[in-house]
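Asks: Take a look at this one; I'll ask things after.
The values are calculated or read from the model by the stated rules, or taken from the named source; none is laboratory data. All of these numbers come straight from a predicted model, not from anything done at the bench. Cβ sites come from the backbone with ideal geometry, for glycine too, and all protein chains shown count toward neighbours. Heavy atoms of the whole protein, side chains included, go into the accessibility calculation; ligands, DNA and RNA do not. Shrake-Rupley method; radii C 1.70, N 1.55, O 1.52, S 1.80 Å.
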Amino acid sequence: MALLTILRYPDPRLHTVAKPVAAVDDRIRRLVDDMVETMYASEGVGLAATQVNVHERVIVMDTSEQHNQPMVLINPEILQRSDDLAIAEEGCLSVPQVYDRIERPARVTVRALGRDGQPFELEAEGLAAVCVQHEMDHLIGKVFVDYLSPLKRDRIRTKMIKKSRDDLRVR
Ligand code: GNR
Ligand code: NI
């Protein structure tokens, strides 16, 4: 297993559209395992392959309380979105220390392949619904700050550029 490097906003590679996984083989299983390790090491509840600069449709997430139920979603597709919306405070490992309220469908049904290559369906609500939608956005090159106003996004961009400079200085 290995820790992967997470791209930081405003890295343009975060806006890459991922391709479907052709086959769930050893290479994909290795990617999944490294992503799970990286997600736990970063204390995230989810991670999309886009964030580790792999542009294939792979997500890992764990919204369980004990952080002991990793879930793998390969080639995820949303089958149903609820009409009712919910607002939740979101953050992103690619945009550290930035949190803002985002409105999304409150519940979604998702179909995906698991680590074993078998299809399954997930009915998500609450944090799991927020997380799976946030991760699926990454796979189409969308970061949660893209939902914010251009003014807020510009302030975040400036803050992130300054932060990378500061992070380099203390390292
Ligand atoms: O760790 C994460 N927490 C989180 C909190 C609220 C809404 C979404 C998320 S996902 C984020 C990890 C991440 O950046 N995944 O792409
Ligand atoms: Ni994210």
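Asks: So how many residues does the stretch 79-101 have that are among the aliphatic types (A, V, I, L, M) and either modelled with pLDDT under 95 or within 8 Å of ligand 1 (Cβ to nearest atom) (or both)? I'd like the intermediate steps shown before the answer.
Replies: Of the residues in the stretch 79-101, the ones among the aliphatic types (A, V, I, L, M) are 79, 85-88, 93, 95, 98.
Add one more test, that the residue is either modelled with pLDDT under 95 or within 8 Å of ligand 1 (Cβ to nearest atom) (or both), and what stays is 88, 93, 95.
Of the residues in the stretch 79-101, 3 are among the aliphatic types (A, V, I, L, M) and either modelled with pLDDT under 95 or within 8 Å of ligand 1 (Cβ to nearest atom) (or both).
Asks: If you go through the stretch 99-122 one residue at a time, do you hit one that is open to solvent by 100 Å² or more (accessible area, probe 1.4 Å) and in contact with a Gly (Cβ under 7 Å, 6 or more places away or on another chain)?
Replies: yes
Asks: Further question on the same structure: Condition first: in a loop (DSSP other than H, G, I, E, B), open to solvent by less than 40 Å² (accessible area, probe 1.4 Å) and charged (D, E, K, R). Now tell me which residues in the stretch 8-66 satisfy that.
Replies: 11, 57, 62, listed by residue number.
Asks: Scanning the stretch 127-148 for residues that are touching a Ser or Thr at 6+ places or on another chain (Cβ under 8 Å) and in a helix (DSSP H, G or I), which turns out surrounded by the fewest Cβ atoms within 10 Å (Cβ to Cβ)? First the steps, then the outcome.
Replies: First pass over the stretch 127-148, keeping only residues touching a Ser or Thr at 6+ places or on another chain (Cβ under 8 Å): 127-128, 131, 138-139, 141, 143.
When the remaining residues are screened for being in a helix (DSSP H, G or I), the result is 127-128, 131, 138-139.
On the way: 127: 14, 128: 21, 131: 22, 138: 24, 139: 24.
My answer is 127.
Asks: Write out, first by first residue and then by second, each pair whose Cβ atoms fall under 8 Å of each other, whose residues are 6+ apart or on separate chains, and whose first residue, in the stretch 141-168, is at pLDDT below 95 while the second is within 14 Å of ligand 1 (Cβ to nearest atom) and not in a helix (DSSP H, G or I).
Replies: Listed pairs, sorted by first residue: 163/96; 163/97; 164/8.
Asks: Which of the residues spanning the stretch 124-140 are within 10 Å of ligand 1 (Cβ to nearest atom) and either free of Cβ contacts under 8 Å to residues at least 24 places away in the same chain or among the acidic types (Asp, Glu) (or both)?
Replies: Within the stretch 124-140, 135, 137 meet the criteria.
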